[in-house]
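So the structure is just underneath, and the comments pick up after that.
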Amino acid sequence: MTKKPYYITTAIAYTSGKPHIGNTYEIVLADSIARYKREQGYDVRFQTGTDEHGQKIEQKAEAAGVSPKEFVDQVAAEIKRIWDLMNTSYDKFIRTTDSDHEKQVQKIFRKLYEQGDIYKGYYEGMYCTPCESFFTESQLVDGKCPDCGRPVQPAREEAYFFRMSKYADRLIQYINEHPEFIQPVARKNEMMNNFLLPGLQDLCVSRTSFKWGVPVDFDDKHVIYVWLDALTNYITGLGYDCDGENGELFEKYWPADLHLIGKDIIRFHTIYWPIFLMALGLPLPKQVFGHPWLLRGDGKMSKSVGNVIYADDLVKFFGVDAVRYFVLHEMPFDNDGVITWELMVERLNSDLANVLGNLVNRTVSMSNKYFGGVVRDAGAAEPVDEELKKVALDTVKKVDQKMNELRVADAITEIFTLFKRGNKYIDETTPWALAKDEAKKDRLATVLYNLVESICIGASLLESFMPDTSKAILAQVGGEKRSLAQMEQFGLYGEGRVTEKPQILFARMDINEVLAQVEELQKEQAAQAGGEKEGEAAEAAADEEPVIDIEAKPEISYEDFAKLQFQVGEIISCEAVKKSKKLLCSQVKIGSQVKQIVSGIKANYTPEEMVGKKVMVLVNLTPATLAGVVSEGMLLCAEDADGNLALLTPEKEMPAGAQIS
C-alpha cells in the first residue's frame with residue numbers, strides 16, 4: 001500500500017549567530033510532529049535549514065574579518081550541529097547559499113518580472129538614516145521619523161517591487177474558504193484585520209545598499225531581498241524548477257502539509273509566501289502554524305550578562321531527552337512558554353525521575369525480586385485492573401487527537417497521565433503485600449504484567465517526543481516498539497523478561513548544585529562576551545573617534561530639570577507595533593502603576609529581550625500617539641554615531657518605581 005506523503009518544514013534559521021534554546025525549540029517541535037506522522041503511516045519529508053543572505057550578515061562578517069561565505073559556513077555548521085545534537089530526524093538541511101537554490105531564485109525573480117508582477121521603481125520620500133526607512137509626509141510625526149523621532153531628509157533609492165495588491169483579493173478569498181490554513185485562529189484574525197483587509201502595499205524585493213545576496217541576473221547592481229530568497233527554499237529544496245522541469249520530490253510532496261514557524265514571521269508566510277506561489281501558478285501550503293515563543297523566565301537573556309541559555313549547555317546538565325521533554329511540555333498551544341534552570345530541575349525531578357523513572361524502576365525491580373525477571377499474565381484479574389487498561393487505551397486515542405490538532409504539549413501530558421496512573425496502580429494493588437501470600441502469587445504476576453503492558457504502551461507513544469528514552473524503557477521491560485494499531489489492544493506483551501537490574505533513566509538533581517554550576521557557566525559566557533566586545537572595541541578605536549560630540553542644547557535651570565520625573569521601571573511585556581517597522585510597545589511597571597510606552601528600538605532589541613529588563617523611564621511626559629498606539633512615557637537610551645541604541649539600566653538591582661535623581 002502506497003503511503004500518503006506528508007511534507008513539514010521549519011523556518012530556516014538566520015545565520016547571524018549561535019541559536020539559543022528558544023530558536024532550538026522549533027526544530028524539536030517539528031521533529032516530534034514528523035516522527036508522529038511517520039507512526040501514523042505517512043511518507044514524511046521533513047526539511048529545515050539556514051537563511052544566509054542580507055546586510056546584517058555582511059556587516060557581521062566584516063566585523064569578524066572574514067568573507068560573508070566563510071561567516072555563514074561557520075554559523076550554519078553550528079546550527080546543524082545543534083539540530084543533530086537534539087536528535088532531530090530531518091530529511092533535508094537546505095542552505096540559501098546552495099547553488100541550486102540561488103539559481104532557482106534568480107529564475108523565479110526573472111519569471112515574475114517578465115510576467116509583470118515585479119517592476120522597477122524607487123523608494124522615494126523622507127528618509128530616516130538610523131532606521132533605514134522611507135516615510136511619506138503624512139506618516140511623519142511633527143515632521144520627524146514616526147519610529148525613532150529623529151530628523152528625516154528627502155531621498156530616493158532604486159528598487160524592484162512586487163505587486164502585492166494584484167493578488168490580495170484572491171488570498172482573502174482563499175483564507176476565508178480554508179479556515180485551517182492559518183493556525184492558531186488568533187493569528188488568522190491578526191493577518192486579516194491588520195494587513196489584508198486594510199489593503200496591501202507593494203513589497204520591495206531588491207536592494208542596492210549591500211552585495212551579500214543573490215544577484216538579479218539581468219540587473220547586477222541589485223540583490224534579491226530576503227523574503228523572496230528565503231521563502232522559496234520550501235520549493236527549491238524539493239527540486240522545483242521555474243522552467244517546469246520539476247524533480248520527483250516536488251511532484252510528490254508539494255504542496256506542503258505544514259509550515260511550522262515562529263509567530264513573529266507569520267505575516268511573511270501567510271501573506272507574502274502565498275502571493276508569491278499564486279504568481280508562480282503553484283498550490284498553496286495546506287497549513288501554516290505560528291507557534292509561540294519560549295522565553296527566559298526573567299526576560300534577561302544577554303550574552304554580556306552570561307545568561308543566554310543554549311541547547312548544548314542544557315544537554316550537558318540534563319541530557320537530550322530531558323531537554324526535549326521540557327521544551328515540548330512547557331509550551332502551550334498559543335501562549336508563550338517560560339524556561340529557567342530552576343524549572344528544568346523541578347520538571348526533571350518531579351516528572352522524569354519521580355513519575356516515569358520511578359514507575360519503570362519499581363516495576364523492573366519487583367519483577368526480578370518476585371519472579372526472577374519473568375513477566376506473564378497469570379489471568380488473576382480484579383476490577384481495579386480495568387481502570388488501568390482503560391486509561392492506557394484511552395491515552396492512545398487522546399494522544400492521536402491532540403497530535404492531529406498540533407497540541408504537542410497536551411499529547412505529552414496525556415502520556416504522563418498514564419505513567420502517573422501506573423504508579424497509583426502500584427499503590428492500589430500493593431505487590432509487596434501480595435508477595436507475602438503464596439496463594440496470591442498469580443495475582444501478583446498479573447499485577448506486574450499489567451504494569452509492564454501499560455509501560456510498553458506509554459513508552460511506544462513517547463518515541464515521537466523522547467526517542468532514546470522510549471528505547472531505553474522498552475529494553476528494560478523486555479518489550480518491543482508498537483505501532484499505533486497495536487497500541488489499541490491491551491495484552492500483546494505475551495511472556496517476556498525484564499532486564500536483570502533496572503537502569504536509572506533520570507537521576508534526581510540538587511537545585512543548589514546545579515545553580516552553582518550554572519553560575520560558573522554564566523561567568524565563562526560573560527567573560528567570552530567581554531573578550532569579544534574588547535576585540536570589537538579595539539577594532540573600532542583604530543578606525544573611529546573614541547568619543548562622540550553632539551550639538552549642545554540651551555542651558556536649563558534646576559527648576560526646569562526638577563519638573564522631569566525619572567523612575568526605574570520593569571518591562572513586564574512587550575510586542576511589536578503592527579503598523580511600524582521600528583516600534584516596540586512595552587508595558588512597564590512603575591511602582592504600583594503600569595504604563596504603556598512606545599519606543600523606536602526594534603532594530604536593537606527583540607520583544608523577548610525586553611521583557612524583565614529594569615529600565616530608566618521619563619514618567620511624566622505628555623502622552624503621544626505613535627503609529628496608532630498611545631505612549632505614556634519614554635525609555636531612556638544611549639545612542640552611538642551609527643544610530644545604535646542601548647537602554648539605560650540601573651547598575652545595581654533596584655525595585656520598580658525607585659526614583660532617579
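The values are calculated or read from the model by the stated rules, or taken from the named source; none is laboratory data. As the structure is a prediction and not an experimental result, all values here were calculated from the model. FYI the Cβ positions are ideal-geometry reconstructions off the backbone, even for glycines, and counts take in every protein chain you see.
A few remarks follow.
- Selection of segment 185-235 for residues being under 16 Å from residue 279 (Cβ atoms) and assigned to a helix (DSSP H, G or I) yields 227, 228, 229, 234, 235.
- Residue in segment 385-398 that is crowded, with 22+ Cβ neighbours inside 10 Å, modelled with pLDDT under 95 and assigned to a helix (DSSP H, G or I) present: no
- Filtered residue count, segment 65-96, keeping only those that are among the charged types (D, E, K, R), over 15 Å from residue 16 (Cβ atoms) and surrounded by fewer than 17 Cβ atoms within 10 Å (Cβ to Cβ): 4
- Inclusion of residue 494 among residues that are crowded, with 17+ Cβ neighbours inside 10 Å and farther than 27 Å from residue 327 by Cα is not warranted.
- Test: residue in segment 129-137 that is small (Gly, Ala, Ser), touching a residue at least 40 places away in the same chain (Cβ under 8 Å) and either surrounded by 14 or more Cβ atoms within 10 Å (Cβ to Cβ) or not in a helix (DSSP H, G or I) (or both): yes
- Search result, residues across segment 151-164 that are at pLDDT 85 or above and either in the same structural domain as residue 646 (by TED's automatic domain parsing) or surrounded by 14 or more Cβ atoms within 10 Å (Cβ to Cβ) (or both): 152, 158, 159, 160, 161, 162, 163, 164
- Looking across 70, 58, one residue alone is modelled with pLDDT under 95 and farther than 28 Å from residue 407 by Cβ. It is 58.
- Test result for residue 73, part of a helix (DSSP H, G or I) and over 21 Å from residue 208 (Cα atoms): yes
For (1) closer than 26 Å to residue 296 by Cα; (2) surrounded by 15 or more Cβ atoms within 10 Å (Cβ to Cβ); (3) under 23 Å from the mean Cα position of the chain (by Cα); (4) in contact (Cβ under 8 Å) with a residue 40 or more places away in the chain, each residue gets a yes or a no:
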position	(1), (2), (3), (4)
570	yes, yes, no, yes
609	yes, yes, yes, yes
615	yes, yes, no, yes
646	yes, no, no, yes
659	no, no, no, yes
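Okay, residues lined up against (1) under 16 Å from the mean Cα position of the chain (by Cα); (2) within 23 Å of residue 263 (Cβ to Cβ); (3) touching a residue at least 24 places away in the same chain (Cβ under 8 Å); (4) not in a helix (DSSP H, G or I):
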residue	(1), (2), (3), (4)
8	yes, yes, yes, yes
23	yes, yes, no, no
26	yes, yes, yes, no
32	yes, yes, yes, no
41	no, no, yes, yes
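- Across segment 238-270, the number of residues qualifying as in a helix (DSSP H, G or I) and at pLDDT 95 or above comes to 8.
- Across segment 289-298, a minimum of one residue is classified as in contact with a Ser or Thr (Cβ under 6 Å, 6 or more places away or on another chain), closer than 24 Å to residue 528 by Cβ and modelled with pLDDT under 90.
- Residues in segment 172-184 that are among the hydrophobic types (A, V, I, L, M, F, W, C) and part of a helix (DSSP H, G or I): 172, 175.
- Some residue of segment 418-437 being farther than 21 Å from residue 383 by Cα and either surrounded by fewer than 19 Cβ atoms within 10 Å (Cβ to Cβ) or in contact with a strand residue (DSSP E or B) (Cβ under 9 Å, 6 or more places away or on another chain) (or both): yes
- Residues that are touching a residue at least 40 places away in the same chain (Cβ under 8 Å) and charged (D, E, K, R) within segment 138-149 comprise just one, 147.
- Residue that is in a helix (DSSP H, G or I), modelled with pLDDT of 95 or more and touching a helix residue (DSSP H, G or I) at 6+ places or on another chain (Cβ under 6 Å), where the choices are 322, 353: 322
- The listed residue being farther than 21 Å from residue 39 by Cα, of a type in the set (S, T, N, Q) and out of contact with any strand residue (DSSP E or B) (no Cβ under 6 Å at 6 or more places or on another chain), out of 469, 446: 446
- Within segment 319-369, the set of residues being hydroxyl-bearing (Ser, Thr, Tyr), surrounded by 24 or more Cβ atoms within 10 Å (Cβ to Cβ) and assigned by TED's automatic domain parsing to the domain that holds residue 435 comprises 363, 367.
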